[in-house]
Amino acid sequence: MSTKHSEAAKRFIANKEQRTWHNETLWLVREKRDRLAMAVPEWEKLRELSSEIKLHTITHLDKYAEQFAQKAEANGVVVHWAKDAKEHNEIVHGILAAHNTKKLVKSKSMLTEECHLNKYLIEQGIDVVETDLGERIIQFMNIPPSHIVMPAIHIKRQEVGKLFEEKLGTETGNSDPTYLTRAARKHLRDQFLSADAGMTGCNFAIAETGDIVVCTNEGNADMGTSFPKVHIVSIGLEKIIPNLNALGVYTRLLARSATGQPSTTYTSHFRKPGEGRELHYVIVDNGRSDIIGNEEHFQTLKCLRCAACMNTCPVYRRSGGYSYTYFIPGPIGINLGMLKSPQQYADNVSACTLCYSCNNVCPAHVNLADQIYRWRQDLDSLGKADPMKKVMSKGLKFLFGLPALYNTTLKFAPLVNHLPRFTVYNGLNAWGEGRELPEFTGDSFTALWKKGKVTKSGKKCSTLKKQKP
Ligand code: SF4
């Protein structure tokens, strides 16, 4: 049975050029990440520390959240608490309305995506301008991000050239990246200068000092908060870390894992409002405290949102961000979607080969693949199991329970090699849509083993027929 994910993936895969280019582009990022990570001898130690610090913090979140808020207030920050997306949006709007804000400049924030803030504010008559280049491109196109760090990674520069011709009046047919970036910079300068308020997300919120830290490569968070008199920060509860020592661990891991850079170009700390200015923190729960109580899945709260799990995921790379039904794609998105609504997002659980590559690269040791495996085991109780897979599982369970029948079936298995193709590759065999079965050998593995034709290392397998690639 097809799922929404598999149908969307099929559409993406149908464009071979796009599929190949998307796959290779993200793999390049993964390779950069590997080179940078391997150059740090204590890399694995850092990953362990990162995991331990996050585990400690999320299991003492009441203490650290309170400490963070107290410190921030002592620094002159106005702290707001939002239990859900609606409250978050209303608080932000309330602050903007109190300052008669007509234009808001934003730097990238997945939390505001989660809360659908832009749509809400635009409906209230506020001009919302995304200032991260990728975010601005997709805002012009009126589409959501397809990746959490590189939101427009699926768009080619030629498309951006055409878009900028229409939106920014750039030269016809000019898709030179430097030219386009300069055009975007000029356009955004005007936005920064005419904005009434600036908004940022938050990579880390430091309980010990009340600081927030924002990591960008374009400096747009700094520009967006330097000119306007009001700065609003959206902070997910899980962004809180205990102290500056912990920050030292994360700043070494984040950019290397995300984009294969030693650090982001800008790592900006904000502590207190400047004279005559206001700094507001909106600390958002929106389901996070429920995740803390979920023994099986609470480790998702360790996530740094670096996207390394997406860049390495063979399914994400080949099926694109829009094939997932939750707004965050890839391995972390599968898990977060299930935590948000298993009924709505269960189809994404099949978008995983269980290759465990995501576990291997995650800088916070989030056990993503284990969690996806657990969600699969829950699918039946959620009423979301694929009926065809259920029938097949029952059949295999029956077969594996009867060794004599199993061995007899194996003996006849080579007959499949001679069956007319349509009897094997048809609508009942979704697996075979993009793959070929290997040929069955005349003898089972056990029989070959007994005859001494295979060894533990498999080196004497020459008598086994070769599989088709
Ligand atoms: S789960 Fe790990 S690898 Fe994936 S985005 Fe979060 S921190 Fe990065």
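The values are calculated or read from the model by the stated rules, or taken from the named source; none is laboratory data. None of the values given here were measured: they were computed from a predicted structure. Neighbour counts run over all protein chains shown; Cβ positions are idealised from the backbone, glycine included. Keep in mind that these areas ignore ligands, DNA and RNA; they rest on the heavy atoms of the full protein, side chains included. Shrake-Rupley method; radii C 1.70, N 1.55, O 1.52, S 1.80 Å.
For the chain, the relative contact order is 20 percent, taking Cα pairs closer than 8 Å that sit 6 or more residues apart in sequence and dividing their mean separation by the residue count. Electrostatic bookkeeping for D285 treats Lys and Arg as +1 and Asp and Glu as -1; over the other residues with beta carbon under 11 Å from its beta carbon, the sum is -2.
Taking every protein chain into account, the accessible area of segment 398-464 amounts to 79 square angstrom per residue (probe 1.4 Å). Scanning the chain for trypsin sites (Lys or Arg not before Pro) in DSSP loops with at most 11 neighbouring Cβ atoms within 10 Å leaves 1-434 as the longest stretch between them. Of the residues W449, W43, the one with the largest accessible area comes first in the ranking W449, W43, computed with a 1.4 Å probe on protein heavy atoms. Apply 1/(1 + (r/R0)^6) to the Cβ-Cβ distance of L419 and K450, taking R0 = 30 Å, and write down the FRET efficiency to the nearest 0.05. Given R0 = 30 Å and the Cβ-Cβ separation, E is 0.60.
Mean residue ellipticity at 222 nm, helices only, the chain: -14500 deg cm²/dmol; runs of at least 4 DSSP H residues each add -39,500 (n - 2.57), and the sum is divided by the number of residues. Computed about its Cα centre, the charge dipole of segment 398-464 is approximately 460 debye, with only Lys, Arg, Asp and Glu carrying charge at their Cβ. Surface analysis of segment 237-368 yields an accessible area of 34 Å² per residue, using protein heavy atoms and a 1.4 Å probe. For segment 277-311, the set of GluC sites (Glu not before Pro) satisfying both a DSSP loop assignment and a count of at most 14 other C-beta atoms within 10 Å is given as E295, E296. Ligands, DNA and RNA left out, the 1.4 Å accessible surface of segment 265-315 is 44% carbon and sulfur atoms. Full extension of the segment from R271 to E42, taken as 0.36 nm per residue of separation minus the current Cα-Cα distance, would add 79.4 nm. Rounded to the nearest 0.05, the FRET efficiency derived from the C-beta distance between D84 and D34 at R0 = 41 Å is 0.60. For segment 256-413, relative contact order (Cα pairs under 8 Å, six or more residues apart, normalised by length) works out to 19 percent. Charges on Cβ only, +1 for Lys and Arg, -1 for Asp and Glu, centred on the Cα centroid of segment 398-464; of L428, A413, G452, which one is farthest towards the dipole's positive end? Of L428, A413, G452, it is G452. Surface composition of segment 398-464: carbon plus sulfur atoms contribute 65% of the solvent-accessible area (1.4 Å probe, protein chains only, all chains present).
Rounded to the nearest 20, the size of the Cβ-charge dipole of the chain about its Cα centre is 2380 debye, with Lys and Arg at +1 and Asp and Glu at -1.
Hey, got a sec? Which GluC sites (Glu not before Pro) in segment 14-116 land in a DSSP loop and have at most 12 other Cβ atoms within 10 Å? When the GluC sites (Glu not before Pro) of segment 14-116 are filtered for loop state and at most 12 Cβ neighbours within 10 Å, E42 remain.
Nearest-5 percent of antiparallel DSSP beta bridges in the chain? Roughly 20 percent of the DSSP beta bridges within the chain come out antiparallel.
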